[in-house]
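The values are calculated or read from the model by the stated rules, or taken from the named source; none is laboratory data. A quick note: this is a predicted structure, and the numbers were derived from the prediction, not measured. As a convention, Cβ positions derive from the backbone with ideal geometry for all residues, glycine included, and neighbour counts pool all protein chains shown.
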Amino acid sequence: MTEEKRSRAGNGDDSIYWDKSKNRYIGAISLGHTPAGKRNRPKVSGKTKAEVRVKLREKRRELEKGIKTSATYTVEQAVMDWLARGLKGREASSVKVYTSLARNHVISALGKAKLHELEADEVDDWLDVRAKSLSYESLRRVLWILRSSIAHAQRRGRVGVNVAEFVDLPDAQAGRPSKSLSLVQAQALLSTRQGSWIHAYVVLALLTGIRTEEERALTWDHVYAKAGEGEQPRVDVWRSVRRGGETKTRLSRRSLAMPLQAAKVMEAYRLRQEEEFRAVGLEWSAQGLVFPGPCGGQRSSTNVLKNLRSLLKEAGLKYPKAEFRKPGEWTTRELRTSFVSLLSDTGVPIEVIAKLVGHSTTATTERFYRKQIRPVIAEGAEAMDAVFDSERDDCQGASTDT
C-alpha cells in the first residue's frame, strides 16, 4: 500500500494525500466516472500541501474553461503537433526550415519538459543560451515556433497558459550583414560572360530591382523588351515562385520600366533562346519561362546562386579592381540591395525607390536594402568648411586676449 488512508472524496471534491512511492503529495479532484465506467480523477503533485492546493485551484479553473491539461504532454509533442497541423498551406521550403529550427533549438533543449509545468523563467534561460550562437532573426523565429506550438496546444485544450508570451527576446549575435555592389563592381559584373542566361538574369535583377523569386517565375509574355513607338520597354512583375504564383505583397505586383541596356540584353537573349529551342527540335512559346532550369521547369534558387557566384569569380579575375574577394559570401538577394543602393547614391528619392522595389513604406527600403556606397560622407564637412572659412579670414591676426 503506497498511499496513506484517507476518506473518500465526494463527487467534485478535492483530496490531498501523501504518496510514499513518489515521495510527493498528490492532489485529486473527483469528477465521478467516465462513459467507459472508469473513475475520472484529474491529479496534480507537489512537494508540499500548499503547492498542491495552488495546483488544484489552477486545475479547477482549467476544468471550468474546458481545458484538459495532460500531465504527460511534453513540449516536444506540442511542437510536433504544430509542425504536423499548424503549417498547412506553407511552402515546402518553409516547412523544412521551421522543422529544422524546431528540432535543433526547441525540442533538443525543452522537448522533455511537461508542457503544463513549463515556466517563463525556463524559457528565458533557454533563450539566453541560444542568443550566444543565433542571430536575432533566427532567435526570433525559434521563439515564434515555441509560442505557436503552445498556442496550438491551447486551442486544443491541452494547456491553459502560453508562458512563451511572457518573455522578451534577448540581444543575439549579429546576423550576416548584406552587401551592395559598388559601381565599379556592378560594371565588371555586367561586362562578364555576355550572351549567357546568367548574364541576362543579373542584368534584369540589377537594373530593375526585381526579386529573385519573381525573376525565376517570369514568362516571356510579361517581358516587353521591344516596345512600340512612344512606349518604354517594361517587365510586368505579376507572379513569383510562391504557392499559387502570388507575389510577396499586393504592392509587389507591379510593372517596371526597363533601362535601354536591360531591354537590349533581354531582346538578344530571347532571340538566342528561340534559336536554341529550334536547334533541338523544341517549340518556343511566349508563355514559356524566361530563365528555365536544366530540365525545362522553374530554375531553383540554389542553381541561380551557384551560377551567380561563378560569374562573380570570373568577373573578379577579369577585373581585379572590382575586388569581389570571396564570391561565396555573396547572395542573389544582394543584386536587389545593389539596385537600391546605386539608385540612392545617385540621388533618387527613397520614396521612388521604395515604389520600384514594391515596398509599402520607405522604412524597409532604408533599413534592409539601402547600403552606403561612398566610403566617407563628405558633404557635411565641406559645408562647414565653406561656412567657417570666411570667419577664419575675419579672425586673421585678431588677439586671443579678452
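Of the residues R309, R278, R272, R325, which single one is part of a helix (DSSP H, G or I), free of Cβ contacts under 8 Å to residues at least 12 places away in the same chain and out of contact with any Ser or Thr (no Cβ under 8 Å at 6 or more places or on another chain)?
R278
Table: residues versus (1) assigned by TED's automatic domain parsing to the domain that holds S196; (2) under 17 Å from L218 (Cβ atoms); (3) hydrophobic (A, V, I, L, M, F, W, C).
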residue	(1), (2), (3)
K264	yes, no, no
Y269	yes, yes, no
G281	yes, no, no
Q287	yes, yes, no
F291	yes, yes, yes
P294	yes, no, no
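Identify the single condition in (1) surrounded by fewer than 20 Cβ atoms within 10 Å (Cβ to Cβ); (2) outside the structural domain of M80 (by TED's automatic domain parsing); (3) of a type outside the set (A, V, I, L, M) that R140 does not satisfy, given that it satisfies every other one.
In the conditions (1) surrounded by fewer than 20 Cβ atoms within 10 Å (Cβ to Cβ); (2) outside the structural domain of M80 (by TED's automatic domain parsing); (3) of a type outside the set (A, V, I, L, M), R140 misses (2) alone.
Contact list please: Cβ distance under 6 Å, first residue in the range 128-145 and within 17 Å of L110 (Cα to Cα), second residue β-branched (V, I, T), pairs at least six apart or on different chains.
What qualifies is I145/V106.
Condition first: in a loop (DSSP other than H, G, I, E, B) and crowded, with 21+ Cβ neighbours inside 10 Å. Can you find one or more residues in the range 110-127 that meet it?
Yes, because at least one residue in the range 110-127 is in a loop (DSSP other than H, G, I, E, B) and crowded, with 21+ Cβ neighbours inside 10 Å.
Hey, can you tell me all the residues within the range 30-60 that are aliphatic (A, V, I, L, M) and either modelled with pLDDT under 75 or out of contact with any strand residue (DSSP E or B) (no Cβ under 6 Å at 6 or more places or on another chain) (or both)?
Within the range 30-60, L31, A36, V44, A50, V54 meet the criteria.
Yes/no per residue for (1) over 30 Å from T331 (Cα atoms); (2) surrounded by fewer than 21 Cβ atoms within 10 Å (Cβ to Cβ); (3) without any contact (Cβ under 8 Å) to a residue 40 or more places away in the chain:
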position: S149; (1), (2), (3): yes, no, no
position: R158; (1), (2), (3): yes, yes, no
position: P170; (1), (2), (3): no, yes, no
position: L183; (1), (2), (3): no, yes, no
position: R193; (1), (2), (3): no, yes, no
position: A200; (1), (2), (3): no, no, no
position: L207; (1), (2), (3): no, no, no
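Mind checking which residues of the range 101-156 are within 17 Å of D171 (Cα to Cα) and of a type in the set (S, T, Y)?
Scanning the range 101-156 gives S133, S135, Y136, S138.
When the residues of the range 218-277 are filtered to those that are at pLDDT below 75 and among the acidic types (D, E), which remaining residue is farthest from A205 (Cα to Cα)?
E229
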